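Since every read-out is calculated from the coordinates, none of them should be taken as a lab result. Source: prediction; values computed, not measured. Counting neighbours? That spans all protein chains shown, and the Cβs are built from the backbone with ideal geometry, glycine included.
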Amino acid sequence: MRFDIPASFRRFLVTGGAGFIGSHVVDRLLVHPGVERVTVVDEFNDYYDPRTKWNNIAGHLIHPAYRLVTADIRDRDRLARLAREEKFDCVIHLAARAGVRPSLSEARLYHEVNTGGTLNLLELARDFQWKHFIFASSSSVYGPVAMPPFREDAPLMPVSPYAATKAAGELLVHSFSHLYGIRAVCLRFFTVYGPRQRPDLAIHKFSRAILEGRPVPMFGDGSTLRDYTYIDDILQGIGGAMRYSANGATSFEVVNLGESQCVTLSRLLAVIEAAAGRKAIIDRQPEQPGDLPLTHADISKARRLFGYRPTTAIETGVERFVEWLRAGEIRAIAA
Ligand SMILES: NC(=O)c1ccc[n+]([C@@H]2O[C@H](COP(=O)([O-])OP(=O)(O)OC[C@H]3O[C@@H](n4cnc5c(N)ncnc54)[C@H](O)[C@@H]3O)[C@@H](O)[C@H]2O)c1
């Protein structure tokens, strides 16, 4: 499927473009006939195996419109040099330390990368007149007391350093948009899954364990609810955000991107078992601090502003994911 993006968007900066969501964004940009240049900044850190990230971008490296800059978004001088070399119409800022649980012990790192890195990019957007800024925020900003379904105007009560950095990032984006006329959309992603999903996320961890016959660590009693969003639906929303940024009535918006289909952890396990054709061996563990009992997106704003229509049912998405995981194992055995 192709991105339906504005004709004036030709030169892109994608931070975190070697990661799960970023590499899918780049896939779509590179097949778009109107796109002249896609520059990716990624530092290939070892939050998970960097070889996975190199695999994600294997098909990008040979594309003439693609440029890879292996750099840290904390390195302002390197980013400034890049900004002098390339002109960007649109920045899709996805690079971040992305896990909730590790952020408890590494709060400072999360702050420096997620808040500091975002500030670096916003200062460059101001200095080099990058007009459009799409920021990857998270459902975690709502916290555990928000009333479901979560609406964008609910008060934010983050309960992990990760979530706090995403809330801070949104506020920085708002300030820079207001002060310097940068047109910006903050997208609150609700648990994204699909091929290339990060290995630390539940669907990936559970599916792999079930396929390998290992115990599945289940935190809590299985009643926690998550709004799972398939990657194709997220990409549809990112395309919508770009169109809105180009033509929308306002210059700053915060928009939920969810599937709006909540699934309990127990039901998710049953769906994965069905896709894998095997039963899970459950290893019950206590609930983890910082985790939310429930996420549920109100997507009426995304529908209204972007025409967003998520279409992937959890059964279909999990089946595609398990197929991808199996294909990877077959490739690994063949190598
Ligand atoms: N996957 C989800 O369910 C989800 C949900 C909500 C929000 N998000 C947000 O979406 C974005 C992408 O998430 P993802 O799941 O694709 O994660 P990911 O870890 O697969 O991708 C992030 C990429 O950013 C890169 N990166 C990290 N720190 C960097 C730095 N200092 N400099 C340069 N590059 C750096 C990493 O190497 C990685 O390739 C993140 O901002 C994340 O917080 C993701």
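With a Förster radius of 51 Å applied to the beta-carbon distance between Arg214 and His178, the computed FRET efficiency rounds to 0.55. Helix 20-30 axis versus longest C-alpha principal axis of the chain: approximately 50°, rounded to the nearest ten. Please list, by residue number, everything in region 262-298 whose backbone N is under 12 Å from a paramagnetic label point 7 Å out along Cα→Cβ of Met157. Answer for region 262-298: 293. The label-point distance for Arg81 and Arg278, in a model that sets each label 7 Å from Cα toward Cβ, rounds to 4.7 nm.
Bridgeable lysines around Lys131 (alpha carbons under 28 Å apart, same-chain partners fewer than 8 residues away excluded): Lys87, Lys166, Lys301. Spherically averaged projected area of the convex hull of Cα atoms, region 1-127: 8.0 nm².
For the chain, the ratio of Cα radius of gyration to the globular rule of thumb 2.2 N^0.38 Å stands at 0.95.
Within region 25-62, which residues have the backbone N less than 18 Å from the label spot 7 Å out from Leu109 along Cα→beta-carbon, could you tell me? Label zone hits: 42-53.
What separates the Cα centres of region 165-219 and region 67-117 is a distance of 15 Å. Can you tell me the 0 to 90 degree angle between the C-alpha axis of helix 314-334 and the longest principal axis of the chain, rounded to 10? Long axis of 314-334 versus the principal axis of the chain: about 90 degrees. The ranking of Leu121, Leu61 by Cβ neighbour count inside 10 Å, starting from the fewest, reads Leu61, Leu121. Rounded to the nearest 10 degrees, the angle from helix 161-180 to the longest Cα principal axis of the chain is 20 degrees. Percent of C-alpha pairs per 10 Å bin in region 227-270, short distances first: 25, 40, 23, 10, 2. Under the simplified labelling scheme, the Arg303-His63 pair shows an inter-label distance of 3.2 nm, with each label point 7 Å from Cα along Cα→Cβ. Expressed as a fraction of 2.2 N^0.38 Å, the value expected for a compact globular protein of N residues, the C-alpha radius of gyration of region 44-191 is 1.10. For region 182-335, the Kirkwood estimate of the hydrodynamic radius, built from every pair of different alpha carbons, is 16.7 Å. Ranked from largest, the principal axis spans of the Cα set of region 172-261 equal 53, 24, 21 Å. Size descriptors for region 101-252 (Cα atoms only): Rg and Dmax, in that order, 17.3, 55 Å.
Rounded, prolate or oblate for region 163-206? Axes are the square roots of the Cα gyration tensor eigenvalues, ordered a ≥ b ≥ c, and the cut-off for rounded is a/c under 1.5. In terms of gyration-tensor shape, prolate.
Each peptide among 223-230, 256-263 gets the average number of other Cβ atoms lying within 10 Å of its residues, and from highest to lowest they stand as 256-263, 223-230. A Förster radius of 35 Å, combined with the Cβ-Cβ distance separating Arg101 from Ala7, puts the computed FRET efficiency at roughly 0.25. Projected label points at Thr316 and Leu171, each 7 Å from Cα along the beta carbon direction, are separated by 4.0 nanometres. For region 57-72, putting each phi into the Karplus relation 6.51 cos²θ - 1.76 cosθ + 1.60 with θ = phi - 60° gives couplings of 9, 3, x, 7, 4, 8, 7, x, 8, 9, 10, 10, 10, 7, 7, 9 Hz, in residue order, rounded to whole numbers and with x for Gly and Pro.
Here the 3J(HN,Hα) profile of region 111-117, calculated from phi with Karplus coefficients 6.51, -1.76 and 1.60 at θ = phi - 60°, is 5, 5, 6, 6, 8, x, x Hz, Gly and Pro shown as x.
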